[in-house]
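Everything below concerns the one structure shown next.
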Amino acid sequence: QVQLVESGGGLVQAGGSLRLSCAASGFLFNTAPMAWYRQAPGNQRELVAGISGKGITNYADSAKGRFTISRDNAKNMVYLQMNSLKPEDTAVYYCQRVGLDYWGRGTLVTVSS
């Protein structure tokens, strides 16, 4: 069955960096579009970044210039490199196989000011 396991979250000071990882299984990964979402307390889940099977990327305005999504098809992994973190980036981050209504547990990112 589909599994998405996020990791790499933690507590970081504003201006710092984190690299999130997502291990995917249960579907054909190499051609699957993938995405990172986040949900802050009291807010709806929002798209942060996406990457196609061919590596074409797109970003939310809030992530442009600071975050980089990437994938390793040999390892069935998706990554989100987050730099210049801000307190408003605090949220639970989830990866998703685009088009599948399945969510992992997410990984919590907390950015202190």
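The values are calculated or read from the model by the stated rules, or taken from the named source; none is laboratory data. All figures in this text were calculated on a predicted structure; none of them were measured in a lab. So basically every Cβ, Gly included, is an ideal-geometry build from the backbone, and we count neighbours across all protein chains shown. Just so you know, the surface numbers come from the protein's heavy atoms only, side chains and all, with ligands and any DNA or RNA stripped out. Shrake-Rupley method; radii C 1.70, N 1.55, O 1.52, S 1.80 Å.
Can you say whether GLY99 is in contact (Cβ under 8 Å) with a residue 24 or more places away in the chain, open to solvent by less than 20 Å² (accessible area, probe 1.4 Å), of a type outside the set (A, V, I, L, M, F, W, C) and in a loop (DSSP other than H, G, I, E, B), as far as the supplied structure shows? Break it down into steps so the answer makes sense when it comes.
Working: in contact (Cβ under 8 Å) with a residue 24 or more places away in the chain: yes; open to solvent by less than 20 Å² (accessible area, probe 1.4 Å): no; of a type outside the set (A, V, I, L, M, F, W, C): yes; in a loop (DSSP other than H, G, I, E, B): yes.
For GLY99, the condition - in contact (Cβ under 8 Å) with a residue 24 or more places away in the chain, open to solvent by less than 20 Å² (accessible area, probe 1.4 Å), of a type outside the set (A, V, I, L, M, F, W, C) and in a loop (DSSP other than H, G, I, E, B) - is not met.
Looking at segment 81-113, which of its residues are of a type in the set (A, V, I, L, M, F, W, C) and closer than 12 Å to VAL48 by Cα?
Scanning segment 81-113 gives MET82, ALA91, VAL92, CYS95.
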